[in-house]
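One structure is given below, encoded as structure tokens.
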Amino acid sequence: MAERKYRQQGYRQRQPEKQEPPRPAPTEAPRKGSMLDQRTLSRCAACGVMLPIANSSLEQCPSCRAALHACRQCTHFEPARRFECTQPLIERIADKNARNACDGFSLRVTIERNATPDGPRPDDVRRSFQNLFKK
């Protein structure tokens, strides 16, 4: 018999294999309740006003009059890169806010959570909290 270095129980004993708990079956229906709806929209890079996505005839932002066909409004614009565009460039455009005739331009479209229509207003929550302490 092999000599044991330690006399405690469990030393040099084979440990049982760990079993993973059973995973729940995935549900086919999407969860509802606290999940917010998503909406696809485009915003002005200068002022943040919502812009119509399908309307490509707009040349300026209706709110701040910033040019919409500019590098700053483009999907491919990335300020972290050297020339700020992820597409191959023919020539560098110096002013990123000015209107240009770039062939690779596409208006930046984002997906946001739609929390505005039916959500509780901050005033309603505050008012209901204050009503708790009224006599």
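No value in this document is a laboratory result; all are computed from the given coordinates. As the structure is a computational prediction, the values presented were derived from the model and not from experiment. Neighbour counts are summed over all protein chains in view; Cβ atoms, including those assigned to glycine, are modelled from backbone coordinates with ideal geometry.
One table, with the values for the structure above:
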| read-out | value |
| --- | --- |
| Burial ranking of peptide ranges 96-103, 70-77, 126-133 (average Cβ count within 10 Å, highest at the top) | 70-77, 96-103, 126-133 |
| Cα Rg over Rh - the stretch 37-76, Kirkwood | 0.95 |
| Added length on full extension, which subtracts the Cα-Cα distance from 0.36 nm per residue, Ile111 to Arg126 | 2.4 nm |
| Distant-in-sequence amide H partners of Cys85 (H built 1.01 Å from N, under 5 Å) | Glu78 |
| Cα→Cβ-extended label distance, 7 Å offset, between Gln9 and Ser57, nm | 8.5 |
| Taking all pairs of distinct alpha-carbon atoms in the stretch 67-112, Kirkwood radius in angstrom | 10.8 |
| Förster radius 30 Å - calculated FRET efficiency between Arg43 and Arg92, Cβ distance, rounded to 0.05 | 0.70 |
